Structures are given as C-alpha cells and as structure tokens.
C-alpha cells in the first residue's frame, strides 16, 4: 500500500513537472541542465581511470625496449629502432628511426608498413601541425617525405605528435639505451608489468584530489534539484486546497524533482557524449585521449544513474521538512527550530578520528588505508556543509544595526539562513579541500623537487652528440644558429690501466676531455694553448685526482676505451708522452672539477676520433623567439640522433606536477560549475521577488540600495563560508601533512589564492546578476495584466 | 495645458502603449488635496496604468502630468523617486510587504529610505500602526499575519511619511468584504486626517463608495462621472 502510495504521488509529481506549461518546463530544464552538468562531470570522472588504462596498454604495446643489453644477431625478423624523442613548442614529440632488417621484421602498432629511408609516417596531429604555419620550423627538422599515417592503435592520444622515419645504417649505433635490435614490440614477458604504481604519498594525493573535486559536484547536484523551489511551493499549496495532505504534498514535490533529475540524467549523458567527442580534439596537461578511451565503468555509471534520482528525492523530502504548505498559500515556518551544533560537529570530528590512526605513516613510506582516507576526508568536508548553516544562523542572528541595504540583507538571511548557506556550500567545500591540498602539496614539494645544481644563467641548453660526430664543425653550426650567444663543445672518452674489453675492466680510470682551446679554458686554467697541445689537469675530488695522477705519469702505458655501444672495440694502447703541461682543473659548466687529460683536437689519435662522445653547452639569447627550436633544428642537422635538453634549476617529479596541475584544472572546472549554479539560483530568487522589487522601487527605494542589499546577501554567507572553509581546510591540511610526516606549515600565498578565487566566483556571480536585477526593478513588474 | 484650478495632481491627454496594446488613449485626471477619487473600470481597461503614470512610476508616451504645478515629464528618474519617497504613498493588492522584515520594520522602511534614524522611524511607524489597529503585530513577519492585517500594515507604511497623495491599487482585492471595508474605513479616515489626496483604483462599487468622486476608465479613455452627471 505504502509503495503504491509513494509511486502514485511521485508519478503525480512527475506529471505536474511536465504539465506546468512553459514555466513548468523551464523549471524542469533548469534543474536538468544543472543535474546534467554534474552527471556529465561524474561520468567523465568514472571514465578517466579507464582512459588512462587504455593509454597505458597502448603505450605498452608499442614499447620497443631500447634499454636492452641483449645482443641479437641480424635476422629476417629483426628491426633496428632508435629513440629520437624530442619536443616542439613545449609539446612532446615521439620519434623513432627504423630500419627493418628482413621481411619478417616486427611491425609497430598502427603501421601497415615501414617507411623507406627519407620517408616517414606521422600521427594525424603531427600531420596537421606540419601542414600548418605553426609547423614551419618542425618541417625543417623533419626533412622526410610523409608517406602515411600512424593508426589509432599506435598512438596513446588523439593529439600525440609521433613519427616513424626510415633510416640506413642504424645497426652501427646499437648501444643498449637509444638504439636496439628487436624482434617484437611490447614489454618482454620476463620484465613483468611496467605499472610502477604511485608511491603512497602520491596515491594519498590522488585520492584526496578525487574526493575534493567530486564532493562539490555532489553538493552542486543537491542544490540543482532544488532550483525553482519557491514557485513550486505555491503550486503545491493549490494541491493542499484540493485535499492532498502534507506528506503527499512532499512526495509530489519529490516527484517533480525526480522529473528534473531524470531529464538531467539524459542531459548529462548527452553532455558527456558531446564532451567525449570534443575530448578527441583537446589536450589537457599534455595528455590527450581518443573518444573511444572515455568509457565509464558500467558499474559506476549505473551507480550514478541510480544515485542521482535517489538523491533528488531524498534532498527534496529533507528540504521540505522546514516548509509548511497551507491550502491558501505557502507559510514558511517563520522561526525555524534552532539548528543544533552537536551532531554537526560529530561529522568533522568523525573524519579526524578516521584519519588519526594514519598520522606518521608516511615516515616509513607505509601504505595508507584508502577507505579510511576517503571516509575521513569526506566526513571532514561534509562537516563543512553541515556546520555552515549553523554558523550562518548563529552569526546573522547577532547582526543588526546598519543602513537599509544592510537591514534588508540581514533580515533576509535571518529568515532563510539555510538557503544562503546552501548557496555557498559548494564553494566552501571546494575551497576547504583545495586549501588542504595546497598545504599538502607545499609541504611535500621538497621531496619531489630536486635542485639540479645547474647554472641556468650561463647555460640554457645542452646537446648530446653521437660518438664520432665531429665536434668542431658541430660547434660552428651551433655558433651560427640564430639566438646562440656562446658555444662550449666538450668531447671525451675514458682511459684506464687495463683493457676495457675484459669482464672486470680497468682498475684505475680517468677521463680525456677533448675540445678546442676556448672550450678547454672552461674546464681548466690554461696560460697558453694551441691545437695539438695535451695537458694534464689536476684538482677536484681527491680519489679521482689520485687516479688521474697514476695514469698521467710520463711513459705510462694506458688503454683507451674503444667500446662502441654494446660492441667492444680492439684494444688501443697509448704511452703517455713526457713534458705534458700540468694545469689546474676548474669547475665546468656542470659544476664538476674533473682531473685527467685535456686534448686539443689535433692531439687526439686518429683512431679515437670516431669514438669521441661530444656535448655542446649553449648560452642563448632567450629573447629571440623560437630560439630553442632553432637549436633543436641545428642539432637534427648535425645528427638526427643527437639529444637536446633544456636546462632547469630544479627538477620536479612528473607525476607530482601532473597531480598538482590536475588539481588546479579540476578546481577551476568545479568552481566554474558552482558559480553557474550560484548564478542560476540567484536569478531564480530575484525572479521570485520581481513584484516585491517593483513595489519597493515604486515607493521610492533607490536601485543602489537594492543592489547593495543583494551584494550583502551574498557577501555575508560567502565570508562566513570561506572562514569556515579555511578553518576546516587548514585542519585537514595539517592532518594530511602529519600523515605523510612532513612539517606542518602554511603557505599563506596559495591559501589566500584559493580563498580569493572562491570569493572572486561570488563577486562575478553578483556582478552578473546585477543587470537582471536592474531589469526586474522596472515598474513594469507591477503590471498584472 | 493648464491644470484645473486648485488641483494637486492633474493629467491631460495621456497616451501609453505596451507594444501593440494601447493602455491609455487620451485619459485625463485631476485631484484636489484631501479628496478621495476612485478610478474604476473593468480588468485591462488601463486604470492601473493611469495610476502608475500619475505616480511617476511609468512615463506616459505623451500627454502631461503636473504635480503641485511641476511637470513630471521634466523630472529625472532620481527626482521622481525622491518625490515618491517623500510626497506619495502606495498600497498595492499583493507583494508589497518585504517578507523578511518585521511589520514595524516594513512600516518604518519609507522613513529610513528618507534618512530618518532607525529608532525615530520605528517610533513613528508604531504610532501609525496603532492608528490602524495593528500595533500588536509589530514584531511579526508578513508571513505570520492574516491578509487583512497585512493590508493594514501596508496602509500604515503608505501613510507613515504623511504623503500628500496616497495611491491605492485594488487595496482590498485580496480581502473578504468585512476586512476590505475595515481597511477602507481606516485608509480614508487616516488620509483625511492628514489632508492627503487618495487615488483609489478599484473595480468594486462597494470600495468606490468611500470616494468623493469617480472616474471611469474604459479602453484607455477616462470619463469623470461627476462632470458627466
């Protein structure tokens, strides 16, 4: 009987929702758009793990495992592949040189055949870039003819820049780290899965980021199902008049909300599908996906489909508790029962209690219990939504004297502190979570950021050449490159007291640095220097200096390292000539003081010339646009397999950076979403008061007074909401820092930034609602016909 | 055009259209201090529009309105708002009391808008509430009082600034006859005691009976019943 009654009343509500004419439809649409946006965001979130998983699988499938020391003979089923990854205008560029050695050479995923030397196959995004004006400099770097496109199975994202270029003579470069001979793509069975997994602290971060971003979405959906509530209450009064009791009325109201949430589910699915389609042409944090990757997990999608309508019904029933609907009109309980603090405090305290056992666990890199983390953070943040109505009520009850605008605002807040608190709940939760995370990020940033020790004021780029690349001509090409101020080209190889071809190798080793006189002066103090000179540099680390002293004695027979990649070369012995000038080694561009031999190019034995590995250090005029691309192009001209690196003063873990950027992007999306809901509910409230506003203007109220009162009405709850958010956020942040055993400190700049962004959202919403407010204040509002 | 001699508020040849709908089509009106004039007519005849034009809420498309010898058309929006705050009072059928303010705060509101201090304004408001027999409701909010009581609070609010003209648009439209009559008695008595002119828009003859004179509006045109007789 009860179920029948419930379904009958809910059904009646559903019918009313759609039968209310233009206004009814407008309300359903309003709710549906709000719920739809939330649902789309939820579906997207449930699809992200799957998308990342597909990317990972695709990446594994095309793995060419160049870090392979196994020696494989050339065969009909082998391919030599060289990793020549780079970047262009800040975007990663995946590049491979390929040379199939037989008809059965393994084919890379996404390719139907390999390009011949001088040809390449490219990803669709790279093809677009090369065809566009933006790709002009990249076309110079990749002088190959495009003969095909890499298919989706060979790419990890729709915007990935990737190419395979045909090459010749690659086998001579096989070195076990950049160039390898392979028989298959994909991770070799023996090496196991590559999923390194996140370290526990990063895992904690990801969990908290998810909770922090999804919580406000939930709050937003709860607010969205209450759009248009006041007008609905009036309609329900008419139902009371024809005999429905107050419980029935509430269920009918829940039915109306159910209608909005059901249409919202449809809208959400449509928004998600549209977003999924658009995702194919977008790139976030350097990560792009193909639309087909974004498939929500079916279980989670079903959960969303059930939870959202259920939440709509429950939220409405809960909200209607405080509303008494009389047959001749709506009477709100004038003085609602005072809110109680004790159960509201239980929520954040419960959250703290769940997190407390994990304090200090980060010290020994221990795992965090994910359920306790999610539960604890969730309870703390839900605590914000529970505490805020109490705080708003308690504070506004004490506010009194002030001007007319202030009085209008304060009285309105006193009458409905709940709806004011509801309006800012989402923002408060988002800010509380973001503040806590910012604290955590700042606290552990040091663990994931390392100083490189590089002096970026003197050197901005470094190019590693291939063994045998002529250093002098290469340096000249770089020197002639636009935007290059200074070139330091240093080559080198190792020498030892024994052969490098034996298993144990030499016992004592030192280095030979090869460079022209100008470059040698950057590693040692030279009084005079001519091409053909050899020096012995002393200084630096004691042990290294002692080894260098042993090997640089005149007449000492030493062995040169002639290993080329994985392949041992024939022994080459050299007798240290007498009369070598001793010089003092000084800190090089890397800050190292290296003792050993210093040779000018003419002094290097001819046999060793093809074995010198060169490094070119460049000082740049970074005001020249595209200077880095010019350097990369020169490097590619010198040797397509050269490796160009940008210098940075610090190095940060990629995962750490992407989680932090993810939080910022997510927080921005969530705040924008909440701002939108704020605007909608603000406009709705104004529309409800159209007649009153017109009446107030009719008897001479200044528009400025009314605008100011609207501003106060938003400012007071948001100030209280942000204050509470700060308190909860700082507490949560401190607990999280204790959990990972980091020093508790507050980065006020980032805390205030997050708070400021929250406040800015409200300010923007208020400003956007002013033009409609001015329109509503027109005297035409008094017209009834 | 010269307004009738001795008139406080007068209008001639008023025209006002809302889109294609002609609300006023050459309407005329005049009222003397202390006089109660009922504007009658069927729904949609233009009587509320006439009231809105006379009160300076809505500017007419053409025609002239003079108040105490001053042309309303020549005033800025701010001047007309100031006039409404200090010289005019208003009672509407619905939606006029601010729901979040208590009754005494509602009545005191026009004085506060004029810059009177809160204490003084509420003291004056209480005096008027006593006169309209609603002083017992001073701390209640509009949602907690009956329709008749709310309307009396609205009348008190309209009179608290001791306006020279009181505009009442269907002031008893939402009340039963008993309550309606009591509101009308109190309204007209209070207005007469301050020598305020009352422009009373109604379609009920029973309400119009409280007036000294009737003007009938039909299809945007007005007809002075006294003159016609």
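Every number here is computed from the coordinates shown, using simple stated rules; none is lab data. Computed from a predicted structure; not experimentally measured. All Cβ positions, glycine included, derive from the backbone under ideal geometry; neighbour counts span all protein chains shown.
A few notes on this one:
- Each of B:214, A:283 has some number of other Cβ atoms within 10 Å of its Cβ, and from fewest to most they run A:283, B:214.
- Cβ-Cβ FRET estimate between residue B:21 and residue A:476, R0 fixed at 60 Å, reported to 0.05: 0.10
- Kirkwood radius for segment A:1-126, taken over all pairs of different Cα atoms as the inverse mean of 1/r, rounds to 20.7 Å.
- Inter-centroid distance (Cα atoms) of segment B:87-108 relative to segment A:89-122, Å: 80 Å
- As a proxy for reagent exposure, A:342, A:25 were ordered by neighbouring Cβ count within 10 angstrom, fewest first; the result is A:342, A:25.
- On Cα atoms only, tilt of A:627-638 relative to the major axis of chain A in degrees: 40 degrees
- Between the C-alpha center of segment A:378-420 and that of segment A:136-163 there is a gap of 58 Å.
- When you work out D = kT/(6 pi eta Rh) for segment A:79-191 at 37 °C and 0.692 mPa s, using the Kirkwood radius from C-alpha pairs as Rh and the Stokes-Einstein form, the result is 227 µm²/s.
- Spin-label model, residue B:62 to residue A:15: label points 7 Å out along the Cα-to-beta-carbon direction sit 5.4 nm apart.
- Computed log₁₀ I(q)/I(0) - Debye formula, equal Cα scatterers, no solvent, the protein assembly as shown, q 0.04, 0.07 Å⁻¹: -0.36, -0.80
- FRET efficiency, 1/(1 + (r/R0)^6) with R0 51 Å, evaluated for residue A:456 and residue A:607 via beta carbons: 0.85
- Most mobile listed residue (B:107, B:98, B:217) in chain B, GNM with C-alpha springs under 10 Å: B:98
- Mean separation of Cα contacts under 8 Å (6+ apart) over length of segment A:461-648, as relative contact order %: 38 percent
- Here the extension length gained between residue A:546 and residue A:63 equals 169.5 nm, from 0.36 nm per residue of separation less the Cα-Cα distance.
- Sorting A:287, A:252, A:612, A:427 by the number of Cβ atoms found within 10 Å of their own Cβ, with the fewest placed first, yields A:287, A:612, A:252, A:427.
- Rounded to 5, percent antiparallel among DSSP beta bridges of segment B:75-229: 30 percent
- Over chain A, Cα pairs under 8 Å with separation of 6+ residues give a relative contact order of 17 percent.
- Taking the Cα atoms of segment A:526-663, the ratio Rg/Rh between the radius of gyration and the Kirkwood radius comes to 1.06.
- Applying the Kirkwood pairwise sum to the alpha-carbon positions of segment B:125-229 produces a hydrodynamic radius of 14.6 angstrom.
- Spin-label zone in segment A:553-595 - amide nitrogen under 12 Å from a point set 7 Å from the Cα of residue A:527 along the C-beta vector: A:581-584
- Cβ-derived FRET efficiency at R0 56 Å, residue A:715 paired with residue A:72, nearest 0.05: 0.20
- Reduced Cα scattering model of segment A:413-551, Debye log10 I(q)/I(0), q = 0.12, 0.13, 0.16, 0.22 Å⁻¹: -0.76, -0.84, -1.07, -1.38
- Annotation for residue B:139 and residue A:91: the two label points, set 7 Å from Cα along the Cα-Cβ direction, are 7.0 nm apart.
- Percent antiparallel among DSSP beta bridges (both partners in segment A:79-191, rounded to 5): 60 percent
- Per-selection Rg to Rh, segment A:670-785 - Cα, Kirkwood hydrodynamic radius: 1.18
- Span from the segment B:186-229 Cα centroid across to the segment A:2-63 one, whole angstrom: 58 Å
- Beta bridges per DSSP with both ends in chain A, % antiparallel, nearest 5: 75 percent
- Kirkwood hydrodynamic radius of segment B:9-220, from inverse mean 1/r over distinct Cα pairs, in Å: 17.3 Å
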